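The values are calculated or read from the model by the stated rules, or taken from the named source; none is laboratory data. The model shown is predicted, which means the values in this text are computed figures rather than measured ones. Cβ placement follows ideal geometry from the backbone for every residue including glycine, while neighbour counts extend to all protein chains displayed. In case anyone asks, the SASA skips ligands and DNA or RNA and just uses the protein heavy atoms, side chains included. Shrake-Rupley method; radii C 1.70, N 1.55, O 1.52, S 1.80 Å.
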Amino acid sequence: MLYYIFYSLRDYWFGFNVFKYLTFRAAMASLTALLLSMIFGPIIIRWLKQVSFGQYIRKEHVENLYDITKHKQGTPTMGGVLIIFSIAVSTILWADILNIYVLMALGAFLFLGIVGFADDYIKVVKKRNLGLRANAKFLSQVFLALIIATFVMVYTPIPTTLNVPFIKFFSAELGLLYLVFVVIVITGASNAVNLTDGLDGLAIGCTIIAALAYTMLTYITGNFKFADYLNVFYLQGAGELSVFCASMVGAGLGFLWFNSYPATVFMGDTGSLALGGGLGVVAIFIKKELLLFLVGGIFVIEAISVLLQVIWFKATKKRLFLMSPIHHHFQLLGWPESKITIRFWIVAIILALLSLSTLKLQ
């Protein structure tokens, strides 16, 4: 929005010329989201306490874990509203809000935020531990994914191919299977971040790292010279998504201020579903879908640990891990929560750097 207001005034003062630069607007969006999170964080946390939106710590079937985490009982949850507010406002302010890719990414982000809010509301207010019914949540994610896939196939020049990181000049046309592929990417990313949100600062820290990587990837995809030099897919207008991703970085840093150990607020499904889905949509638009599984490797590991636990238990009636997702396994091994979080961040940084290295291997 500010782009249209101030760039049109560049003839009156040369300083307004800076608004045409994506790097400037992305940096300002990140800073704006950070400041909004820091300013409104205490206000939202107080409100969540007043309305008794506190975390419920499940005891049934997880007695050992309950003993470790029971001190978190009553900590305000649904803090994802702070993340969503900060990202939405900063994106609207600093991005070209008429850009169709920004509109679709922001719309998908807000939609999943509403789904997550409904899930948290049922858990906290209605006292139903499992929240929104699994099939309702999944169908909502599938519905969104099909809209995104249809938009890509009908209204954009984005190819419906499968590109594999590290493998040069390989692409496979998916045809109608592209619909299934997009469903897997969006539901997988959204739910994987949700599963990771179990320790103070873990999910938001890994999200910041992934969003920072995609800030760079979206900028390159929308810049013809960089895309041509690095032999990556070029999409006109995709560079504006760097503003959205940068907003995610800033909002994440601001939220981490309150969510770091010991957390004074949790994001809940409100934040985790929206953040994961937002990253998934961006990855689809810039043709870096499979790379998301590497950039967000921690999320993938967490999701796979749950899947393996279920399969192993059904086959052997024994547990493969002490508990899943795998961060709880390390908790039950006696690792301090802060150590688990920081070590997972380190792995996330390594995976993000490895992902960026694929740009020279295209």
Quick one: count up the residues across the stretch 167-187 that are assigned to a loop (DSSP other than H, G, I, E, B) and β-branched (Val, Ile, Thr).
1
Please indicate, with yes or no, whether at least one residue in the stretch 168-177 is open to solvent by 50 Å² or more (accessible area, probe 1.4 Å), aliphatic (A, V, I, L, M), out of contact with any Gly (no Cβ under 7 Å at 6 or more places or on another chain) and without any contact (Cβ under 8 Å) to a residue 24 or more places away in the chain.
yes
Suppose the filter is surrounded by 23 or more Cβ atoms within 10 Å (Cβ to Cβ) and not polar (S, T, N, Q); does Val306 pass it?
no
Tell me which residues, restricted to the stretch 288-302, are surrounded by 23 or more Cβ atoms within 10 Å (Cβ to Cβ) and more than 15 Å from Ser357 (Cβ to Cβ).
Leu292, Gly296, Ile298, Phe299, Glu302
Quick check on Ile158: is it open to solvent by 30 Å² or more (accessible area, probe 1.4 Å), part of a loop (DSSP other than H, G, I, E, B), touching a residue at least 60 places away in the same chain (Cβ under 8 Å) and under 25 Å from Glu240 (Cβ atoms)?
no
Which of the following residues is at pLDDT 95 or above, open to solvent by 20 Å² or more (accessible area, probe 1.4 Å), within 21 Å of Phe166 (Cα to Cα) and not small (Gly, Ala, Ser): Leu217, Leu253, Leu212, Leu235?
Leu212
Could you give me the residue pairs with C-beta distances under 8 Å whose first residue belongs to the stretch 336-361 and is without any contact (Cβ under 8 Å) to a residue 60 or more places away in the chain and over 17 Å from Val232 (Cβ atoms), whose second residue is assigned to a helix (DSSP H, G or I) and aromatic (Phe, Trp, Tyr) wherever it lies, and which are 6+ apart or on separate chains?
none
Which residues, counting only those in the stretch 309-322, are open to solvent by less than 90 Å² (accessible area, probe 1.4 Å), in a helix (DSSP H, G or I) and not polar (S, T, N, Q)?
Val310, Ala315
Which of the residues that make up the stretch 220-233 are more than 13 Å from Tyr101 (Cβ to Cβ) and of a type in the set (Ser, Thr, Tyr)?
Tyr229
Kindly list the number of the only condition in (1) open to solvent by less than 10 Å² (accessible area, probe 1.4 Å); (2) not in a helix (DSSP H, G or I) that fails for Ser190.
(2)
